[in-house]
Each structure stands twice: as structure tokens, then as C-alpha cells.
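Only one structure is covered here, and it is reproduced in the block below.
The values are calculated or read from the model by the stated rules, or taken from the named source; none is laboratory data. Bear in mind that the values here come from a model prediction, so they are computed numbers and not experimental data. Positions of Cβ are generated from backbone atoms using ideal geometry, with glycine treated the same way; all protein chains shown enter the neighbour counts.
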Amino acid sequence: MEIIKTNLDGVLIIKPEVFADERGYFFESYNEEKYYSDGLTSIFVQDNESKSRKNVLRGLHFQVPPYEQGKLVRVMWGAALDVAVDLRKHSHTFGKWTGATLSRENKQMLWIPPGFAHGFVTLEDDTVFFYKCTNVYNKESERSILWNDPDLNVEWGVNDPVISEKDKLAMRFREFVSPF
């Protein structure tokens, strides 16, 4: 397993060791002992999966304390641009974002610790997105920041994404008061 730091402190790209031959492939998508030895000491309590057609954009979502979530995300089928936005008010990268293309082919994962907003846009039809969470979903703690907020200027790479009504009504970043 290779761990690659991003421009946001704490957000990591994880490249698993993939064993492939004429039969197919095998890789460990999660191994508690290996993750702990590399400093990823979170305990996961919930798994989520979504399937989306091409150009569906979900995000930018997060939960506020005490239900903040860290997420270990990957694409099991298809491809997506996955994005994390730093919401930690004392961080030198507060309001900055990073993105990684996750796909069935590259099998990379992204670790997004608590204190970050998360979103993704699907690059292929029938993209299946899977993520492990460090805390359970809590509706009252759920928040969203507008996916195309000009203060964040996330480069999604799609012209006309498919967006839920809830995400269209998300707050602007400048309205957000960080509890992180």
C-alpha cells in the first residue's frame, strides 16, 4: 500500500497493492493493522454505497460535531472526481480543496478526515461509489455547502452536472461558521 499526501493536511490518496493475473485481481481495500501502522487510526462504524449515472454531482456534504465523519472512499465501478474541502477554521488550508480521480481501474482510495466537506461527480454511467465512515449518519448534523460556490472555485470538469434540489439550496461558503 502506498500513501500519498495531498495539498490538504490529513487528506490522503491510498494506492493499494493489487495482485493481478490471468484470472483477475485481488487487493485489500481495508486492513486495520496496516492502516494503523501508517497513522490512519480511525475506527469505521458505517458503510455507504451509491450508484449514479454520468455527470451526477453529490456534495459538498459534511456533518457537524458531535457527529462529524471521516470517510474512506473508493469507486467500485466506473469513475468519479472526488473532492474534499478543508473546513477547519485554524488550518492554513481553510477553504481550499483537493481532488482525485477514483476509478475501478486505478483502485485508489481517498481518506477524508473529519472537518472536511466531501463531494464527487461521476465520470461514467453506473458509477458505484463506496465509503466507510467513522461516525453514523445523523440528519440533524448534516450540512452542505454549495457545490459551485465562487469562493471555493472547485474545478469539477463538467458543464451541466445533475444535482439534487437539496444540493442546489446549500449554503454559501461565506455563510458557513466552522465548528471544526
(Q) I need a count of the residues in segment 26-76 that are in contact (Cβ under 8 Å) with a residue 12 or more places away in the chain and not in a loop (DSSP other than H, G, I, E, B). (A) 22
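Among the residues of segment 10-25, write down those that are among the charged types (D, E, K, R) and either surrounded by 13 or more Cβ atoms within 10 Å (Cβ to Cβ) or outside any loop (DSSP other than H, G, I, E, B) (or both).
To start, the set of residues in segment 10-25 that are among the charged types (D, E, K, R) comprises 15, 17, 21-23.
Passing the criteria: Lys15, Asp21.
Listed residues Trp97, Trp77; which is of a type in the set (Phe, Trp, Tyr), modelled with pLDDT of 95 or more and surrounded by 19 or more Cβ atoms within 10 Å (Cβ to Cβ)? Steps first, please.
Values: Trp77 fails: surrounded by 19 or more Cβ atoms within 10 Å (Cβ to Cβ).
When all the criteria are applied, what remains is Trp97.
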Q: Could you grab me the full set of residues in segment 144-180 that are in contact with a strand residue (DSSP E or B) (Cβ under 6 Å, 6 or more places away or on another chain), assigned to a loop (DSSP other than H, G, I, E, B) and of a type in the set (Val, Ile, Thr)?
A: Val154, Val158, Ile163
(Q) Looking only at residues that are among the basic types (Lys, Arg) and surrounded by 12 or more Cβ atoms within 10 Å (Cβ to Cβ) in segment 121-173, which one is nearest to Ala80 (Cα to Cα)? (A) Lys132
(Q) Any residue that is among the β-branched types (Val, Ile, Thr), modelled with pLDDT of 95 or more and closer than 17 Å to Asp9 by Cβ - is there at least one of those in segment 105-125? (A) yes
**Q.** Every residue from segment 124-143 that is among the β-branched types (Val, Ile, Thr) and part of a loop (DSSP other than H, G, I, E, B)
**A.** Thr134, Val136
Q: Please list, ordered by first then second residue, the pairs with beta carbon atoms under 9 Å, 6 or more apart or interchain, first in segment 79-108 and at positive phi, second outside any loop (DSSP other than H, G, I, E, B) and hydroxyl-bearing (Ser, Thr, Tyr).
A: Lys107/Tyr25
(Q) Checking the structure you have, find out if any residue of segment 161-180 is modelled with pLDDT of 95 or more and closer than 29 Å to Glu32 by Cβ. (A) yes
Q: For Ile3, work out the one condition from (1) surrounded by 11 or more Cβ atoms within 10 Å (Cβ to Cβ); (2) closer than 30 Å to His90 by Cβ; (3) of a type outside the set (Asp, Glu); (4) at pLDDT 90 or above it doesn't fulfil.
A: (4)
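Can you pull out the residues in segment 77-88 that are over 19 Å from Glu155 (Cα atoms) and either of a type in the set (Phe, Trp, Tyr) or in a strand (DSSP E or B) (or both)? Step through it out loud before you land on a result.
Initial filter on segment 77-88 (over 19 Å from Glu155 (Cα atoms)): 77-78, 88.
Scanning segment 77-88 gives a single hit, Trp77.
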Q. Any residue at all in segment 100-112 that is part of a loop (DSSP other than H, G, I, E, B), out of contact with any helix residue (DSSP H, G or I) (no Cβ under 8 Å at 6 or more places or on another chain), crowded, with 23+ Cβ neighbours inside 10 Å and not hydroxyl-bearing (Ser, Thr, Tyr)?
A. no
